[in-house]
1. What are the pairs, 6+ residues apart or on separate chains, where a residue within the range 156-184 that is closer than 12 Å to V129 by Cβ has its Cβ under 8 Å from a residue that is of a type in the set (S, T, N, Q) and assigned to a loop (DSSP other than H, G, I, E, B)?
2. Out of the residues in the range 49-79 that are exposed (fewer than 15 other Cβ atoms within 10 Å of the Cβ) and of a type in the set (V, I, T), which is nearest to A15 (Cα to Cα)?
3. Tell me which residues, restricted to the range 37-48, are charged (D, E, K, R) and under 18 Å from W11 (Cβ atoms).
4. Which residue pairs have Cβ atoms under 9 Å apart, sit 6 or more places apart or on different chains, and have a first residue in the range 29-41 that is modelled with pLDDT under 90 and a second that is assigned to a loop (DSSP other than H, G, I, E, B) and surrounded by fewer than 17 Cβ atoms within 10 Å (Cβ to Cβ)?
5. Can you go through L200, L151, L190 and tell me which one is within 15 Å of S107 (Cα to Cα) and either in a loop (DSSP other than H, G, I, E, B) or not assigned by TED's automatic domain parsing to the domain that holds I127 (or both)?
6. From (1) part of a helix (DSSP H, G or I); (2) within 30 Å of T165 (Cβ to Cβ), pick out the condition that doesn't hold for R70.
7. Under 7 Å by Cβ, and 6 or more places apart or on different chains, what pairs join a residue from the range 49-70 that is within 14 Å of L29 (Cα to Cα) with one that is surrounded by fewer than 17 Cβ atoms within 10 Å (Cβ to Cβ) and not aromatic (F, W, Y)?
8. If G156 passes every condition in (1) part of a loop (DSSP other than H, G, I, E, B); (2) touching a strand residue (DSSP E or B) at 6+ places or on another chain (Cβ under 6 Å); (3) surrounded by fewer than 20 Cβ atoms within 10 Å (Cβ to Cβ) but one, which one does it miss?
Amino acid sequence: MSDKYLSDAEWKKFAKGRELKDAPLLKALISFQKADKASPKEQLKLLDEIEDEGATLLKQHKADKEIASRLSDMGKAITLERKATTARADQAEEEADDDAPTPALLSSKLIPLLRMVAKDKPMKALIAVTGKDAAVMLAPRAMSPSMRKVLASALGDAGGIKYLTGDCVFEDKTHTFVLKTQPGGLAKKLKQAILDQTGLRLNVQVRGEGPTDAGE
């Protein structure tokens, strides 16, 4: 919101000494400047208000080239700000979708994350383990406890499920799960879990958090 053409203070400087009925536009600009913490949706609404009030003012002073030029610059600033705000809104919506507990996190949404790991983009890992089976989930950020329900469901809500958190990185052409604790046989379980969940047959290993910790 740093663009001077969307600043109420800058508009006041421009409007000083001019006979303009600009109170509605000024009000909209002030509201927008105070909307730093508002939702992208609310910010877009305020941009629409500025655009509408600017159009109204332009009709009243269309013969004044300076005013027309200033409002044209304001319109360009609105277009740029709207594009940036829409991008933030889309990102927020995408992150909300990613954070929503859904079985797709174990299948269709897991596949691209595994491929990102193979491109040296580490992911956070959440793993559920029973006596014989495992289920795994990846995400760019640490996952909320609510995600455990998805993993538990994948394991048939079996009793005695243990949950492990760590990182998934790519080492020696292998998807490597870096964990504080390493239950025996976990690498084999994870390899089978990934195959069952995604259909991908990958090389998998598990190691401790230290760079020299042995893996399996």
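The values are calculated or read from the model by the stated rules, or taken from the named source; none is laboratory data. These numbers were taken from a predicted model, which means no experiment stands behind them. Here the Cβ positions follow ideal geometry from the backbone for every residue, glycine too, while neighbour counts run over all protein chains shown.
1. Correct list of pairs: A158/T130; G160/T130; I161/T130; K162/T130; L164/T181.
2. Once the filter is applied, the top-ranked residue is T56.
3. Looking only at the range 37-48, we keep the residues that are charged (D, E, K, R), and these are 37, 41-42, 45, 48.
Within the range 37-48, D48 is the sole residue that qualifies.
4. D36/M1
5. L200
6. Result: R70 passes all but (2).
7. Here the result reads E51/G75; E53/P24; G54/G75, each pair linking the range 49-70 to a residue that is surrounded by fewer than 17 Cβ atoms within 10 Å (Cβ to Cβ) and not aromatic (F, W, Y).
8. Tallying (1) part of a loop (DSSP other than H, G, I, E, B); (2) touching a strand residue (DSSP E or B) at 6+ places or on another chain (Cβ under 6 Å); (3) surrounded by fewer than 20 Cβ atoms within 10 Å (Cβ to Cβ), G156 fails exactly one: (2).
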